[in-house]
Every structure is written in C-alpha cells, then in structure tokens.
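For reference, the structure is listed below as structure tokens.
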Amino acid sequence: MSNYHIKHLEEYWQVYRKSVRNPEDFWEEIAEEHFLWRKKWDKVLTWDFKKPEVKWFEGAKLNITENCLDRHLATRADKTAILFEPNDPGEKAQHITYKELHARVSQFANMLKDQGIQQGDRVCIYLPMIPELAISILACARIGAVHSVVFAGFSATALASRINDCDCKMIICSDGSYRGTKTIDLKNIVDEALDNCAGIKKNLVVKRTGNQVNMRKDRDYWVEDLLANAATTCPATIVDAEDPLFILYTSGSTGKPKGMVHTTGGYMVYTAYSFKNVFQYKENDVYWCTADIGWITGHSYIVYGPLANGATTVMFEGVPSYPDYGRFWEIVEKYKVTQFYTAPTAIRALAKEHLDFVEKHDLSSLKVLGTVGEPINEEAWHWYNDHVGKKNNPIVDTWWQTETGGIMISPIPYSTPTIPTFATLPLPGIQPALMDEHGQEIKGNQVEGRLTIKFPWPSMARTIYGNHERYRDTYFSAYDNMYFTGDGARRDAVGYYRITGRVDDVIIVSGHNLGTAPIEDAINEHPAVAESAIVGFPHDIKGNALYGYITLKETGESRRQDNLRKEINQLITDRIGPIAKLDKIQFTNGLPKTRSGKIMRRILRKIASNDTGNMGDTSTLLNPEVVQEIMDNALV
Ligand code: PRX
C-alpha cells in the first residue's frame with residue numbers, strides 16, 4: 001500500500017488514471033503489499049453485474065484477524081490498539097494494546113467455540129460501545145463465524161426480525177448500557193426479542209451496568225464466567241477470500257431491512273486502503289471515529305480499517321452532550337487525537353452551543369477532520385473548519401454506504417483542495433457515473449444526475465442475505481451494467497461530486513438511514529389508522545426529520561388527536577426504535593394518489609418542506625381536492 005499513500009493532487013491523478021486503465025493490476029498490487037494471505041488468489045476479479053456476481057481475490061485464503069492483530073505483534077505489541085473512553089469521565093479509560101487485544105480476542109473466540117459456534121454460523125451482537133463489542137466482532141472473525149451487529153438503539157421487534165432474518169444461533173448482549181445520564185436495560189429488550197427467536201440457543205451477557213437482570217436457565221450465560229475457562233491463544237480459522245465476514249442490516253425504501261453481506265478478502269483490502277489514504281494515518285497518530293459500531297462506519301473505520309493498519313483507534317461509549325457539550329473536545333485534548341471523524345448532525349448540534357465548549361480545549365493535535373453519513377450544509381462545514389480545525393485542517397466529506405463497505409468519494413487530505421459540501425473526487429479504483437432518466441450516462445462536467453458506479457470495487461456487498469433477487473432489483477436493475485446508489489449527485493466544472501441526497505424513499509435522519517415503508521407499517525398497526533405516508537422535511541440539527549400524514553378510519557377519532565400522536569410514536573419506538581419517531585403528525589381526510597393508487601409523495605414532501613410555490617402537475621391525481629385541505633392544515 002505504500003505506493004498508494006497519496007501525497008499530492010498530481011499523484012492522485014496519476015494513481016487514479018492507472019486504477020481505471022487497469023483495475024485488476026491496481027488492486028492486485030495493493031493486495032500484495034502488507035497483508036498476510038495464507039494462500040494467494042488464483043484470480044483477482046470475476047464479475048458480471050447482470051447476474052449480479054462479484055468475486056475478488058478468488059482462491060485466496062486468509063483470516064482477517066491475523067491481519068488486524070497477529071501481524072502487528074512483532075512491531076506493535078505494546079502499542080495501544082483500542083483506547084476506550086467510558087461514558088462517565090470519572091471512570092478509568094482502558095488502553096488495550098495489540099498484545100492484549102490479541103489475547104482477549106483469542107480467549108473470546110475459544111469461548112465461542114466452547115459454546116458451539118462453528119465456521120459460517122451467524123452470531124448476533126447487540127452491545128453498547130464497550131471493548132467487548134470490538135472483541136466479539138473480531139472473535140467471530142477469528143473462527144470464521146459471521147457477525148451480525150444490531151445497533152443497540154433498535155427495539156426488541158427490530159432486533160428479533162434481524163436475528164430471524166439471518167438465522168442467528170447466538171446473541172451477545174450486555175446487562176445494560178450507559179448513555180449520558182441514562183442507563184438502558186438492554187437485557188430486557190433482548191429478553192423480549194428472544195420470545196420470538198426460536199433459533200437462538202444461547203444468550204451471552206456482558207456485565208456493564210450491574211443492572212438486575214433475569215438469567216434464563218440453559219439460555220443465558222455471563223460472559224465473564226465463560227471466559228474464565230478459555231485459553232488466550234486461539235489458532236485463526238483460515239477462510240476463503242469470498243467467505244462472508246459479516247451481515248449488516250440497512251433500510252430499504254420498501255419491505256424489511258436488507259441484510260447486506262460483506263465478504264472477507266476484498267473488504268479487508270479496501271477498508272485498509274481507504275483508511276490509510278482518507279485519513280493519512282501515520283504510525284503515532286491517534287484516530288477517533290465517533291460513530292457507533294452498530295453502523296457500517298464503525299465496522300469499517302473503528303474496527304477493521306484502523307486495526308488492519310496497526311492504528312490506535314478511540315472507542316467512545318458516551319454522547320457528545322455529557323457531562324457537557326465540550327465532551328468531544330475534551331477527549332480530543334486528552335488523547336491528542338490527530339484524525340477526528342464524525343457526522344454532520346453532531347456538528348450541527350454542537351454548533352448550537354456556546355463557543356466556549358470548544359474554545360477552552362487545546363485542539364492543536366488535530367490534522368484531519370472528517371464527516372460521513374449525510375450531506376453537510378455549508379454553515380456546519382464552516383463552523384467545523386473555523387472552530388475545530390482552526391482553518392488549518394482539511395475536512396474530508398466522505399460519501400459511501402453500508403453497501404459499499406468503504407469510503408468511495410472523498411478528498412485526500414493535503415492533496416485534494418476542498419470545497420464545502422463537496423465530497424470531491426472518487427478514490428482511485430472507484431468509477432462513478434451520472435445517469436439521466438433515460439438510462440444514458442451523462443458525460444462531461446457541470447451536470448447532475450443519478451449516481452452509479454460502473455466497475456466493481458473490492459468491498460462492495462455481494463448479496464442481500466437470503467434474497468439475491470432483491471439485491472439485483474435494488475442495485476443492478478435501474479441501469480444496465482451499473483451499481484445504482486439510490487443517490488443523486490452533481491459534478492461541477494472541475495469534476496468534483498456533490499451529493500444531492502436520496503432519490504428514493506429512504507430518508508436520512510441524523511445520519512441514520514430510515515426507509516419509509518417499515519415506519520408506515522408500524523403506524524398502520526394502530527387500530528385507528530386507515531393509511532399513512534411518511535416524508536422527510538429539512539431540520540436544522542437532524543438534517544431531515546420525519547413528517548407523517550395519517551388518515552384515520554373514523555373522523556370522530558380526531559377528537560383525541562394528541563393522544564393518538566403519542567400512541568403512534570410509541571408504536572414506532574416499539575417496532576423500530578426512537579430514532580424513527582415522527583417530529584410532526586398531520587391527520588388528513590385522504591392522501592393524494594395517482595389513478596393507479598400510488599401515493600404522490602412528491603406533493604407531500606413539498607407541503608412538509610413549506611415549498612408549495614410550484615406543486616407541479618396535480619391534474620393526474622385521483623383526488624386533487626385533498627391537496628388543498630392538506631396544505632391548509634399543514635404543520636409548517
Ligand atoms: O444518501 C447517502 C448518505 O447516506 C447514505 C448511506 O447511508 P448508510 O448506508 O447508512 O451509510 C452511512 C455511512 C456510510 C448514502 O446513500 N451519505 C453518506 N455519506 C454522505 C451521504 N450524503 C452526502 N454526503 C456524504 N458524505
């Protein structure tokens with residue numbers, strides 16, 4: 001990889017051109033350097049987007065944890081791998097060295113084997129941001145088991161559906177979790193979920209909060225008890241490059257969440273390569289990504305990418321507002337963080353608070369700032385640049401997705417000149433294209449269209465667990481021979497990309513991907529509800545918030561509207577989680593529909609955004625009269 005630690009723009013273009021001219025040689029060269037393969041590949045790439053089928057480094061054999069752990073023992077045994085900062089600043093931090101992490105992962109892996117986990121088994125992990133989360137992920141990978149991490153803010157119903165979708169046979173959870181001043185009873189949520197998960201044979205519980213929990217006999221076990229008998233060396237199970245490493249669920253515009261399947265060799269190569277280049281990580285740097293490992297950002301850029309590079313990666317259990325709004329900056333100062341990677345929604349929330357919170361801390365260690373998950377607005381970008389970066393640190397606005405596995409479009413710090421709100425240029429090896437509504441590629445600059453990728457890259461998801469057809473329909477059917485991202489983008493005069501947002505019914509709220517369909521399904525379960533439609537509207541902290549238009553079965557019901565609003569949001573919290581709650585609920589007498597019965601969300605979006613100047617053509621509606629009524633009663 002040393003060849004591709006890009007240092008200036010000219011070098012970027014040289015490497016980029018090479019990567020497009022001969023992608024297979026490009027990736028082969030990267031894969032050959034630094035990684036530990038137990039057997040080299042027979043073929044770099046096999047692909048056919050029509051099927052679709054993508055295989056990288058076929059025939060190669062490896063274990064990703066040997067690359068993230070064992071490989072560093074000779075030179076970095078005593079270097080901190082994970083720097084764990086607890087929720088409460090009074091609690092002692094943990095500096096886990098590579099040697100210790102190797103031992104703890106091995107021990108955990110032996111324990112999983114003792115508990116009956118074998119190569120290929122799916123293990124659900126539902127843990128807060130504590131070291132055991134990273135350790136259990138790596139322990140699964142150590143023995144070739146497939147981890148399926150579910151963000152510990154999801155409800156029991158959401159957890160159960162993810163467990164059942166991929167037939168997990170074990171879950172790893174904790175007694176509880178800390179978030180700021182709150183303690184959350186995670187174990188109770190798991191107990192409720194497991195009532196509906198017949199496939200789960202064992203529930204391993206990590207002790208974190210000391211909450212009183214009920215341990216069900218022959219199902220629930222304390223991790224610390226089981227670990228007591230496990231050895232701290234564990235041979236790595238050697239897997240094929242294309243064996244699955246993990247499943248991670250993401251929302252779709254329709255139907256249930258999609259279990260994106262990532263495989264081992266390509267994912268390792270790409271996350272390591274992108275981490276190194278996008279963050280320009282150097283040996284003694286302290287890198288911090290504030291995401292939760294329950295999302296792809298945490299998988300790729302807290303765990304695998306940093307550890308594959310022998311980096312020190314900070315893991316923070318808490319929230320940016322506890323004990324006060326200076327917590328992020330206090331941590332940056334305390335550990336002399338060099339790379340700081342966060343979400344625009346966090347920046348917007350912190351920018352609302354007094355500047356003292358940031359200014360009283362010494363942030364001079366910082367070299368690179370990053371954002372991910374949603375478009376960053378100009379105001380937030382400038383606040384980040386002025387007050388955190390002191391106009392001295394490049395900001396990498398990184399565009400990518402759960403499905404892409406790694407960062408796709410991003411500036412390379414100190415090489416690519418940045419412009420606020422632009423993710424700028426594709427990483428070498430990534431070939432984006434913009435498409436028009438007729439399925440033609442839009443060439444040239446100063447154009448706008450739908451963002452697609454024309455050529456495979458190593459960390460792309462290979463399928464949706466148990467539903468390859470949906471994988472094809474969602475990503476490969478919109479445009480011939482292209483991966484369709486679901487996003488729109490503009491390409492400016494110099495070829496920089498600016499992501500304009502989703503073009504489907506996925507709404508990004510505080511950087512979280514939410515499909516409208518599951519939320520509508522939850523609402524429609526309420527006995528008083530006839531029909532509902534959810535749209536996003538601009539929100540100054542969350543980026544987007546949710547606006548629900550709901551038709552009731554009996555208009556008389558409208559008398560108890562406030563209670564209904566509460567009940568509906570409670571249903572959403574129970575079915576999905578609090579992140580999917582609606583900010584606004586408008587009860588209507590009908591929803592605007594086409595003659596074929598499809599809800600015209602375009603109109604509802606405009607009303608929710610208070611942008612009713614040009615409503616477009618409403619004459620094709622089945623019930624045009626309802627539009628005026630909705631406008632008159634809009635909550636804007
Ligand atoms: O719409 C894009 C937005 O987030 C979507 C992917 O969400 P998810 O799979 O949850 O992954 C988030 C973390 C990688 C994309 O389709 N998105 C992500 N990054 C950016 C972005 N939109 C604009 N700018 C970004 N930098």
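In percent, what relative contact order does the stretch 304-449 have, based on Cα pairs under 8 Å that are 6 or more apart in sequence?
Across the stretch 304-449, relative contact order equals 15 percent.
What order do you get for 266-273, 18-25, 452-459, 429-436 when each peptide is scored by the mean count of other beta carbon atoms within 10 Å, highest first?
Order by mean packing, descending: 266-273, 452-459, 429-436, 18-25.
Given an 8 Å cut-off on Cα distances and at least 6 residues of separation, report the relative contact order of the stretch 461-528 as a percent.
It comes to 15 percent, rounded to a whole number.
Assuming 0.36 nm per residue, please report the length gained on full extension of the stretch Gln14 to Thr75 beyond their Cα-Cα distance. If you can, show how the numbers build up before the last one.
On the way: separation 61, 0.36 × 61 = 21.96 nm, distance 3.20 nm.
That pair, Gln14 and Thr75, stretches by 18.8 nm at full extension.
How much length, in nm to one decimal, is gained on full extension between Thr551 and Arg38, taken as 0.36 nm per residue of separation minus their Cα-Cα distance?
Between Thr551 and Arg38, full extension yields an extra 178.7 nm.
How much of the accessible area of the stretch 293-335, in percent, comes from carbon and sulfur atoms when a 1.4 Å probe is used?
49
Roughly how many nanometres apart are two label points built 7 Å out from the Cα toward the Cβ at Tyr221 and Leu622?
Roughly 5.5 nm, to one decimal.
I'd like to check one number: the per residue accessible area of the stretch 395-445, probe 1.4 Å, reported in Å² as a whole number.
Accessible surface, normalised per residue, equals 28 Å².
So for the stretch 1-64, if I pair up every lysine 8 or more residues apart or on another chain, how many of those pairs have alpha-carbons under 17 Å apart? If you can, show how the numbers build up before the last one.
Working: Lys7/Lys18; Lys39/Lys55; Lys39/Lys61; Lys40/Lys55; Lys40/Lys61; Lys43/Lys55; Lys43/Lys61.
The number of close lysine pairs in the stretch 1-64 is 7.
Calculate the radius of gyration of the Cα atoms of the stretch 1-45 to one decimal place, then report Dmax, the largest Cα-Cα distance, as a whole number, both in Å.
In order Rg, Dmax, the Cα atoms of the stretch 1-45 give 11.8, 36 Å.
Modelling each spin label as a point 7 Å along the Cα-to-Cβ direction, I'd like the Ala231/Lys99 distance in nm, to one decimal.
Rounded to a tenth, the inter-label distance reads 2.0 nm.
With r as the distance between the Cβ atoms of Ser477 and Asp362 and R0 = 51 Å, compute the FRET efficiency 1/(1 + (r/R0)^6) and round to 0.05.
On the way: r = 52 Å, r/R0 = 1.03.
The formula returns an efficiency of 0.45 here.
Spit out the partnerless Cys residues in the chain, using Cβ distances under 4.7 Å as the pairing rule.
Cys with no partner Cβ under 4.7 Å: Cys68, Cys140, Cys166, Cys173, Cys197, Cys234, Cys289.
Averaged per residue, what accessible area in Å² does the stretch 1-160 show with a 1.4 Å probe, protein chains only?
37
By average Cβ neighbour count within 10 Å, what is the ranking of 32-38, 224-230 from highest down?
32-38, 224-230
Hey, if you put +1 on the Cβ of every Lys and Arg and -1 on every Asp and Glu Cβ in the chain, which of Ile541, Thr297, His468 ends up farthest toward the positive end of that dipole?
Positive-most Cα among the choices belongs to His468.
Show the residues, 5+ positions off or on another chain, whose built amide H is closer than 5 Å to the amide H of Asp243.
Thr264, Gly265
Percent of accessible area on the stretch 474-612 owned by carbon and sulfur, 1.4 Å probe? Please list the in-between numbers first.
Values: 2560 of 5790 Å².
Ligands and nucleic acids excluded, carbon and sulfur reach 44 percent.
Put Lys598, Lys542 in order of accessible area, largest first, 1.4 Å probe: what do you get?
Lys598, Lys542
Starting from the amide H of Val529, placed 1.01 Å from N in the peptide plane, find each other amide H under 5 Å away whose residue is 5 or more places distant or on another chain.
Here the answer is Lys553, since their amide H atoms fall under 5 Å of that of Val529.
Got a sec? Charge dipole of the stretch 300-394, +1 on Cβ for Lys and Arg, -1 for Asp and Glu; which of Asn309, Leu363, Trp381 is way out at the positive end?
It is Asn309, whose Cα lies furthest towards the positive end.
Gap in Å between the Cα centre of the stretch 1-77 and the Cα centre of the stretch 573-636?
With the stretch 573-636 and the stretch 1-77 each reduced to a Cα centre, they are spaced 47 Å.
For the stretch 430-478, with only Lys/Arg (+1) and Asp/Glu (-1) charged at the beta-carbon, what is the dipole magnitude about the Cα centre, in debye rounded to 20?
So the dipole magnitude of the stretch 430-478 works out to roughly 240 debye.
Accessible area per residue for the stretch 185-339 in Å², computed with a 1.4 Å probe and the full protein assembly in place, what is it?
With all protein chains present, the stretch 185-339 gives 33 Å² per residue.
Under a point-charge model restricted to the Cβ atoms of Lys and Arg (+1) and Asp and Glu (-1), what is the dipole moment magnitude of the stretch 357-453 relative to its Cα centre, in debye to the nearest 20?
Value, rounded to 20: 400 debye.
Looking at this model, which pairs from Lys256/Lys598; Lys187/Lys566; Lys113/Lys187; Lys79/Lys542 are more than 28 angstrom apart at the alpha-carbon?
Check vs 28 Å cut-off fails for Lys79/Lys542.
How large is the dipole of the stretch 539-636 about the Cα centre if only Lys and Arg carry +1 and Asp and Glu carry -1, each at its Cβ, rounded to the nearest 20 debye? Before the final figure, lay out the partial values.
On the way: 16 positive and 12 negative charges, 68 e Å.
The calculated dipole for the stretch 539-636 is roughly 320 debye.
Across the chain, how large is the tail of the calculated P(r) beyond 35 Å, expressed as a percent of all Cα pairs?
Tail fraction, whole percent: 40.
Run the accessible area of the stretch 13-101 with a 1.4 Å probe and give the carbon-and-sulfur part as a rounded percent.
It is 48 percent, rounded to a whole number.
What helices in the chain pass both tests, a Cα length along the helix axis of 15 Å or more and a mean Kyte hydropathy of 1.0 or higher, using whole DSSP H runs?
131-142
What distance in nm lies between label points placed 7 Å from Cα along the C-beta direction at Met615 and Asp436?
3.1
Considering only DSSP beta bridges whose two residues both sit in the chain, what percent are antiparallel, to the nearest 5?
60
Where the centroid of each part is defined by its Cα atoms, how far is the stretch 428-481 from the stretch 249-313 in Å?
Distance between centres, Cα-based: 21 Å.
The values are calculated or read from the model by the stated rules, or taken from the named source; none is laboratory data. None of these values were measured; they are calculated from a predicted model. For neighbour counting, all protein chains shown are included, and Cβ atoms are generated from backbone atoms with ideal geometry for every residue, glycine included. These area figures cover heavy atoms from the full protein model, side chains too; ligands, DNA and RNA do not enter into them. Shrake-Rupley method; radii C 1.70, N 1.55, O 1.52, S 1.80 Å.
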